[in-house]
Every structure is written in structure tokens, then in C-alpha cells.
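Engineer: The structure is given below, and queries will be raised subsequently.
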Amino acid sequence: MRVTSFAIAVASCCFACSDAPAPPADVAPLVVLDAGAEPRAAFASVAAVGSRYDVTLTQSSSMALFADGKTIPETSVPALHLTLGVEVVERTRDAAKLRFAVAKAELDPSIQGDPSTRHMLEQELKTGSITGLGGFVSIDAAGLKRSTTSNLPNTASSILRQVLNQVRQSLDQTVVPLPRDPIGVGARWSTVRTFDFSGIELSERATWTLTARTTSTWSVRGEFEYSALGAVVKFPGMPDDAKLTLREMRGSGRGEYELDPGLAIPRSSNTVGTVDLKANALVKDKVEPIDATITMRCASIASQR
């Protein structure tokens, strides 16, 4: 039973980054595979320092587990609807820095999810501690190197850390790397980056396609593959006497994005991804295999104030 509870805790947070400041990812150059049809143009953001946005984020996840020698019925993590205030605080030709803070948070009543997690979220919502969570995200002009810092106090609860991780992950998923050179409809380009994911060196390979373009909107589709091998990891919420040895993690995902040159972040995004995780859990000198399939969905809508 202890291993089962541990497995659920791992799966609940395994797709959230660690709560330490996230360093820039190790990236390879963006490669244009096809420049697309004429006429071609380069995307030029005109978002100025001081620009402010309201961003609504909705993130949900579900998981199917095999642990303790048995299959655990698929469960869902309670879905949070968040409204963020985002402001462009620095901007150069090569990078931008955004400040973000949670202005409003509420639970989705249609997705009950794990009762204990929901209860903890309800308690944090009552105290108002989720409101105001935030920090800074820095992004280079190509949208490849990203780093975040947060205002999370050292005394913050594990559930607050998980909420902030969800916000950071959601913002990261809205970033679309774009070629500097002019491209047209049908253009395709690829990116590769490797980044630290709670002690796991995770590789992301992405292929991007410009599916439509007007004077005010660029529509982009992203297709992703994730992989990681062999690592001893420590996720937030894991028992102190527990250890997780990753055997393999692989996954894939897709996203649809609407870009507006007047906004520093996409006007809208909708992503879904599935990851298969295979690991060995060591709890009280007992080793048990854990297999988990996690599906996550994230949607965002941005509007300028």
C-alpha cells in the first residue's frame, strides 16, 4: 500500500518542473526544413516594455498506474483555472523578460480528481495563498532558451509548489520558437532541446508548421517527442525515505498556437501530451516497479489590457 501511495504522489507531480530556478535549456540551433510558400515574411513582435496582459490557463491531467503488483484505476488530478497578470519588463533585440503573477484561481467543479489533492487545493484557495504566486520568465528571441525564477517562499507547502510548477510549465508550453528568416504558409522547422526536469535530463524534439497567416495572426502547429533514460530522481512530495530510479520515459504531444505580433505571448494555445514512465521505487528497503501513463492538457488565452 505504501508503494501504491508513493506511485500516485510521483505521477501527480512528475510533469511539473522542480521548484528551483530553472536554468536555460541546452539547445541545438533551429533548423528550417521548408521555407514554405510565397509570399514569405519574418515574424516581428511589436510588444513593448510595459505591455500588460491577462492570461487564462487551464491545465488538467490523468494517469493510469501499475504499482504494487496491481493496476490502479485511472485517476485525474483536480483541474485549476488560473488567471495571470503578465507584463513585459525588459526587451532587447535578442530577448524578453516577463513578470507574471496569479490574479485569480479556482477549481474546475467538473473534474473532482484525487480527493486528498483537491482538499489541499481547497484549503490553499480559502487562505488566498495561491493569489500572488509568480515570478519572471526570460526567453531569447528564437524562443529556445528559457529560464524562470519565482517568488515562492522557502516555507511554502508542497501543494503551492505544485501549483507554481504548473504555472511555469504552462507558460513554457506557450512559447513557440520561430525562424529569424522569412517563411510562408506550409513552412516547417525543427528544434531540439535538453533540459533538467527534476533531476531528469529530458530531451525534446519538436517539429513546427506554419499552417496559416494573416496580417494579424500566425497559426502554428507543434508536434513533440520526449525521451529520457536512467536517472535517480526526487520529485516534490516524495517521502524522505523513498528513492525513484527511472528506467525509461518516453512520450509525445501536439499543440496548436495562434500568434499575434502585438502580444508577447500567444493569443491562444492548446496542447496535449502523453508520457509513459517506467521506474523502480525503493520504499523502506522494498523495490517495486512502477509503470505510469500520464496524459496532460493545457490551454491558454491571452488578451491585452
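Engineer: Which numbered condition in (1) under 19 Å from Phe43 (Cβ atoms); (2) assigned to a strand (DSSP E or B) is the only one that Asp181 fails?
Structural biologist: (2)
Engineer: Criterion first (farther than 26 Å from Ala47 by Cβ and at pLDDT 90 or above) does Val272 satisfy it?
Structural biologist: For Val272, the condition - farther than 26 Å from Ala47 by Cβ and at pLDDT 90 or above - is met.
Engineer: Among the residues of region 155-174, what is the count of those that are at pLDDT 75 or above, out of contact with any helix residue (DSSP H, G or I) (no Cβ under 9 Å at 6 or more places or on another chain) and surrounded by fewer than 18 Cβ atoms within 10 Å (Cβ to Cβ)?
Structural biologist: Residues flagged as at pLDDT 75 or above, out of contact with any helix residue (DSSP H, G or I) (no Cβ under 9 Å at 6 or more places or on another chain) and surrounded by fewer than 18 Cβ atoms within 10 Å (Cβ to Cβ) within region 155-174 amount to 1.
Engineer: Would you pick out the residues in region 247-282 that are in contact (Cβ under 8 Å) with a residue 60 or more places away in the chain and over 25 Å from Gly230 (Cα atoms)?
Structural biologist: Scanning region 247-282 gives Gly255, Tyr257, Leu259, Pro261, Gly262, Leu263, Ala264, Ile265, Pro266, Ser269, Thr271.
Engineer: Of the residues Ser116, Ser129, only one is at pLDDT below 85, part of a loop (DSSP other than H, G, I, E, B) and among the small types (Gly, Ala, Ser); which?
Structural biologist: Testing whether each residue is at pLDDT below 85, part of a loop (DSSP other than H, G, I, E, B) and among the small types (Gly, Ala, Ser) leaves just Ser129.
Engineer: Could you please let me know if Asp285 is of a type in the set (D, E, K, R) and free of Cβ contacts under 8 Å to residues at least 12 places away in the same chain?
Structural biologist: Answer is yes for this residue.
Engineer: For Ile139, all conditions in the list (1) under 24 Å from Arg205 (Cβ atoms); (2) in contact (Cβ under 8 Å) with a residue 60 or more places away in the chain; (3) crowded, with 20+ Cβ neighbours inside 10 Å hold save one; what is the number of the exception?
Structural biologist: The failed condition is (2).
Engineer: Limited to region 65-107, what total is found for residues that are modelled with pLDDT under 85, among the aliphatic types (A, V, I, L, M) and over 20 Å from Arg161 (Cβ atoms)?
Structural biologist: Of all residues in region 65-107, those modelled with pLDDT under 85 come to 65-80, 92-95, 107.
Subset that is among the aliphatic types (A, V, I, L, M): 65, 67, 72, 77, 79-80, 95, 107.
Applying the additional criterion that residues be over 20 Å from Arg161 (Cβ atoms) yields 65, 67, 72, 95.
Residues meeting the conditions: 4.
Engineer: For region 42-80, enumerate the residues that are outside any loop (DSSP other than H, G, I, E, B) and among the β-branched types (Val, Ile, Thr).
Structural biologist: Of everything in region 42-80, those that are outside any loop (DSSP other than H, G, I, E, B) and among the β-branched types (Val, Ile, Thr) turn out to be Val55, Thr56, Thr58, Thr71, Ile72, Thr75, Val77.
Engineer: Within region 153-169, can you find the residues that are over 15 Å from Phe136 (Cβ atoms) and charged (D, E, K, R)?
Structural biologist: Result: Arg161, single match.
Engineer: What number of residues within region 228-242 are surrounded by 15 or more Cβ atoms within 10 Å (Cβ to Cβ) and either modelled with pLDDT of 60 or more or assigned to a strand (DSSP E or B) (or both)?
Structural biologist: Within region 228-242, residues that are surrounded by 15 or more Cβ atoms within 10 Å (Cβ to Cβ) and either modelled with pLDDT of 60 or more or assigned to a strand (DSSP E or B) (or both) number 4.
Engineer: Among the residues that make up region 65-85, is at least one of them hydrophobic (A, V, I, L, M, F, W, C) and either under 26 Å from Thr191 (Cα atoms) or in contact with a His (Cβ under 8 Å, 6 or more places away or on another chain) (or both)?
Structural biologist: No.
Results for (1) surrounded by fewer than 18 Cβ atoms within 10 Å (Cβ to Cβ); (2) touching a residue at least 40 places away in the same chain (Cβ under 8 Å); (3) under 19 Å from the mean Cα position of the chain (by Cα), shown as yes or no for each residue.
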residue: Arg52; (1), (2), (3): yes, yes, no
residue: Leu57; (1), (2), (3): no, yes, yes
residue: Met63; (1), (2), (3): no, yes, yes
residue: Thr71; (1), (2), (3): yes, no, no
residue: Glu74; (1), (2), (3): yes, no, no
residue: Ala79; (1), (2), (3): no, no, yes
residue: Thr83; (1), (2), (3): yes, no, yes
residue: Val102; (1), (2), (3): no, yes, yes
residue: Pro115; (1), (2), (3): yes, no, no
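Engineer: Sort out which residues of region 254-305 are loosely packed, with under 15 Cβ neighbours inside 10 Å and outside any strand (DSSP E or B), and write them in order of number.
Structural biologist: Answer for region 254-305, where residues must be loosely packed, with under 15 Cβ neighbours inside 10 Å and outside any strand (DSSP E or B): Pro261, Gly262, Lys284, Asp285, Arg305.
The values are calculated or read from the model by the stated rules, or taken from the named source; none is laboratory data. The structure displayed is predicted, hence computed values, not measured ones. All Cβ positions, even for glycine, are placed from backbone atoms using ideal geometry, and neighbour counts span all protein chains on display.
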